Each structure stands twice: as C-alpha cells, then as structure tokens.
Amino acid sequence: MSLRRRLVLMLPLSMAAGSASAQGGWIAVSGADNSFIVDMPGRPVYKVIDTTTPSGTAFVYHSYSLEYRRLSFVAQTALYPADIDVSRPRANLQSALDDRAQRLEGGKWGKVEWREVQSAPAVESTGPIAGGSALRQLVLMKGRRIVSLGYLAPADALRAPEAERFFRSLRLLA
C-alpha cells in the first residue's frame, strides 16, 4: 500500500493499516473477539496495532486490510479501555472524523451522514484525496467497541459494486 494510502486510512492516534493483494473470491472476515463480520474481496493482511489512550493506558487496534485492483479496503476494531469516556458515542465518532479530515484535500469531509447501524451510533463520510482519489468510511460504536470500515478508490469508483458490497456486508456480533 502506498504511503499516501496508508496515511489516509490511518485511525486516530496515528495508526496505519497493512495491505495485501487480493487472491481468490470474496470471503467473510471475522473481527477480533468475534465482534463483527465483513465481506472482503480476498484474504486481508491482519495486524495488531499497539497504541495508548491520552492518559497512557495501553490497548490495541485489530486491522484487516488489502488492495484489490485499484481499490483499498480496511476494517479495524478496538475495545476502548475504561479511561476512555464512551458515554457520548457521537463525541468519540466526531473525534475520528476530525482526525481523518486532516488528511483530506481541503481538510474537510464532502459528506457526513449520522445514523444508526444495527442499533449502534454510526457516521458515514466521504471526502476527496489529492490526486483524484476519495475516501469513504463508516465508523460506529457499540458500547466500548469501535468498528471502522475504510475504502479508498479513484473518485469515480466511490460507489462501485465492490464498495457497496463491502459496506452492506457489515454484521455486528458482539
């Protein structure tokens, strides 16, 4: 995955996702702790990303990423430790939006849609990346669990069938 793509798909707290070339057909990918299932167009690279909260508590993000043709797919999840206030999930989601907006052309999202996904607060957003690409992401919280789907592609492929299948396939389990 190119440095530009990695920088765009990073989660808050400067965490990068890995990459792989897709092989074979679509597969169901199970998230850490059996937290979710999402369909991806091949077997992703799995990485554990160590990080800390602002107060210094260690925790991990689980990242599943791959490149497929000219498209990049990333699914990530973490279970926030007790020192992260999750009583206002929209504030946590806004923080994720703000962090990633810094990497967008113009520093802001083109579209932001707040909603619920399987009874969990969520936000879906899209925005332009320098060079004609675009980022589409869905971030949701269920209790202390945060799940993020990211899709990076040329702007004309933002709603490609592969993207639609990826986002529609998300199933929360825990």
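The values are calculated or read from the model by the stated rules, or taken from the named source; none is laboratory data. Keep in mind that what you see is a predicted model, and the values were worked out from it rather than measured. Every residue, glycine as well, gets a Cβ built from its backbone with ideal geometry; the counts of neighbours run over all protein chains shown.
For the range 87-115, enumerate the residues that are touching a helix residue (DSSP H, G or I) at 6+ places or on another chain (Cβ under 8 Å) and assigned to a helix (DSSP H, G or I).
Arg100, Ala101, Gly107
Please find, among Ala101, Ala75, the residue that is within 15 Å of the chain's Cα centre (by Cα) and under 21 Å from Val48 (Cα atoms).
Values: Ala101 fails: under 21 Å from Val48 (Cα atoms).
One residue alone meets the criteria, Ala75.
For the range 87-136, how many residues are closer than 16 Å to Phe167 by Cα and of a type in the set (Phe, Trp, Tyr)?
Here the count works out to 1.
Filter the range 116-174 down to the residues that are polar (S, T, N, Q) and not in a strand (DSSP E or B), then identify the one that is surrounded by the fewest Cβ atoms within 10 Å (Cβ to Cβ). Working first, answer last.
Let us first name the residues in the range 116-174 that are polar (S, T, N, Q), namely 118-119, 125-126, 133, 137, 148, 169.
Remaining after also requiring not in a strand (DSSP E or B): 118-119, 169.
Working: Gln118: 12, Ser119: 9, Ser169: 16.
In this case the residue turns out to be Ser119.
From Leu104, Leu173, Leu140, grab the single residue that is in contact (Cβ under 8 Å) with a residue 24 or more places away in the chain, touching a strand residue (DSSP E or B) at 6+ places or on another chain (Cβ under 7 Å) and more than 25 Å from Glu67 (Cα to Cα). Let's see the steps before the verdict.
Working: Leu104 fails: more than 25 Å from Glu67 (Cα to Cα); Leu140 fails: more than 25 Å from Glu67 (Cα to Cα).
Residue meeting the stated conditions: Leu173.
In the range 41-70, what residues are within 21 Å of Ser30 (Cβ to Cβ) and among the aliphatic types (A, V, I, L, M)?
Answer for the range 41-70, where residues must be within 21 Å of Ser30 (Cβ to Cβ) and among the aliphatic types (A, V, I, L, M): Val45, Val48, Ile49, Val60, Leu66.
Return yes when Gly42 is surrounded by fewer than 15 Cβ atoms within 10 Å (Cβ to Cβ), part of a loop (DSSP other than H, G, I, E, B) and modelled with pLDDT of 90 or more and no when it is not. Before the answer, list the steps.
Values: surrounded by fewer than 15 Cβ atoms within 10 Å (Cβ to Cβ): no; part of a loop (DSSP other than H, G, I, E, B): yes; modelled with pLDDT of 90 or more: yes.
No, not satisfied.
Just to be sure, is Phe73 surrounded by fewer than 19 Cβ atoms within 10 Å (Cβ to Cβ), of a type in the set (A, V, I, L, M, F, W, C) and either under 28 Å from Ala160 (Cα atoms) or touching a Phe, Trp or Tyr at 6+ places or on another chain (Cβ under 9 Å) (or both)?
Details: surrounded by fewer than 19 Cβ atoms within 10 Å (Cβ to Cβ): no; of a type in the set (A, V, I, L, M, F, W, C): yes; either under 28 Å from Ala160 (Cα atoms) or touching a Phe, Trp or Tyr at 6+ places or on another chain (Cβ under 9 Å) (or both): yes.
Taking the combined requirement at face value, the residue does not satisfy it.
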